[in-house]
Amino acid sequence: MSLSSPPPSAAAFRKRLLKWYVRLGRHDLPWRTRWSLYHVLVSEAMLQQTTVATVLPYFRRFVHAFPTMKSLTSASGEKVLELWSGLGYYARARNLQAAAKTIVRDFGGKLPARRDAVESLPGVGPYTAGAILSFVYDEPEALVDGNVVRVLSRVYGVLENAKEPEGARRFWKLARRLVPPGGARQYNSALMDLGATVCRPRSPACSRCPFRNACWARRNGKQDEFPISVPRNRRNEIHIQTALARHRGKWLMVRRPSKGLYGGLWEFPEFDRVSRALRVVKSLPAVKQVLSHRVIHYHPRLCEMKDEGG
């Protein structure tokens, strides 16, 4: 790393960040009003790969339907997935319910403030463990996600790719050095908010950033080049022939396997699997769905069951 002036010290970084957060942070987020284990667990599950603006209505509906950890454990998987529908990455919903059951069954509903206990929960990795420990218990635990990587890479001029092992170690080491021994809840909230609202992936609002005069990337005119990344591989193109079949006023649906893409959800069946029992009425326009690693082209056919109409 080549710097024209020293980067902010840990103390200076915290001071500037927290001063900004007191004035401009998102203090009204519903999971920040109580910092309860249940609300943090739900919000962190929903926020993986999803923006706050998208999550807010889902969070409110979810905790209205399941107001306590215990109520989520006794809910049907169908109901949980129904309330999650539209958020995507449905394994998160199943892991969330499984984590709630583990907390109630193994810890009596009160999870200890220990990393080993938190990481024993289904679907919880280093980031989510740090989020739970810092947000719920105010433990001095670091967080590293896309928002954090973006801020730290730009301010400190980190030239490694966070998605590679050496780069990931570098970011976690820096994040742990910066997190304060006390007040990690407020500090981590501030760091997340700065990355989400000011130090954005594109067109960062540098004029509103507390580090505008101390940011390595801004001083060097390289904001859009950080964080360092590798070109994305081209998305796989998948084509699926789908049967939309009516039988006695109802639509034929099949349930996907519990694991894998859209696990456990219901869908129209692939045409080849049910073609012997169907009569094609007409082909419908194709529908394209763009996902992170694939593009799915659905080619629907409106069908009838062969035992209808003679």
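Tallying residues that are under 30 Å from GLN289 (Cα atoms), open to solvent by 90 Å² or more (accessible area, probe 1.4 Å) and modelled with pLDDT of 90 or more within the stretch 218-245 yields 3.
If you take the residues of the stretch 112-142 that are open to solvent by 50 Å² or more (accessible area, probe 1.4 Å) and in a helix (DSSP H, G or I), which of them is nearest to ARG170 (Cα to Cα)? Ranking the qualifying residues of the stretch 112-142, first place goes to PRO126.
Within the stretch 194-217, residues that are loosely packed, with under 15 Cβ neighbours inside 10 Å have Cβ atoms under 7 Å from residues that are modelled with pLDDT of 95 or more and assigned to a loop (DSSP other than H, G, I, E, B) in these pairs: ALA205/VAL198; ARG208/VAL198, counting only partners at least 6 apart in sequence or on another chain. THR68 meets the conditions (1) at pLDDT 95 or above; (2) surrounded by 18 or more Cβ atoms within 10 Å (Cβ to Cβ) in every case but one. The failed one is (2).
If you go through the stretch 38-53 and keep only what is surrounded by 14 or more Cβ atoms within 10 Å (Cβ to Cβ) and of a type in the set (S, T, N, Q), you end up with SER43, GLN48, THR50. When LEU159, LEU191 are screened for being more than 19 Å from VAL22 (Cβ to Cβ) and of a type outside the set (Ser, Thr, Tyr), only LEU159 passes.
For PRO67, the test of being within 28 Å of VAL158 (Cβ to Cβ) and assigned to a loop (DSSP other than H, G, I, E, B) is failed. Being farther than 23 Å from VAL198 by Cβ and buried (at least 18 other Cβ atoms within 10 Å of the Cβ), is that true of even one residue in the stretch 17-37? Yes, because at least one residue in the stretch 17-37 is farther than 23 Å from VAL198 by Cβ and buried (at least 18 other Cβ atoms within 10 Å of the Cβ).
Per the listing ARG170, ARG150, the residue uniquely crowded, with 18+ Cβ neighbours inside 10 Å, within 21 Å of the chain's Cα centre (by Cα) and either over 21 Å from TYR38 (Cβ atoms) or not small (Gly, Ala, Ser) (or both) is ARG150. Within the stretch 243-262, can you find the residues that are more than 11 Å from MET305 (Cα to Cα), in a loop (DSSP other than H, G, I, E, B) and of a type in the set (Lys, Arg)? Within the stretch 243-262, ARG256, LYS259 meet the criteria.
The values are calculated or read from the model by the stated rules, or taken from the named source; none is laboratory data. Just so it is clear, the structure is predicted and the values come from calculations on it, not from any experiment. Don't worry about glycine lacking a Cβ; one is built from the backbone with ideal geometry, like all the others, and counts go over all protein chains shown. Calculation scope for accessible area: heavy atoms of the full protein, side chains included, ligands and nucleic acids excluded. Shrake-Rupley method; radii C 1.70, N 1.55, O 1.52, S 1.80 Å.
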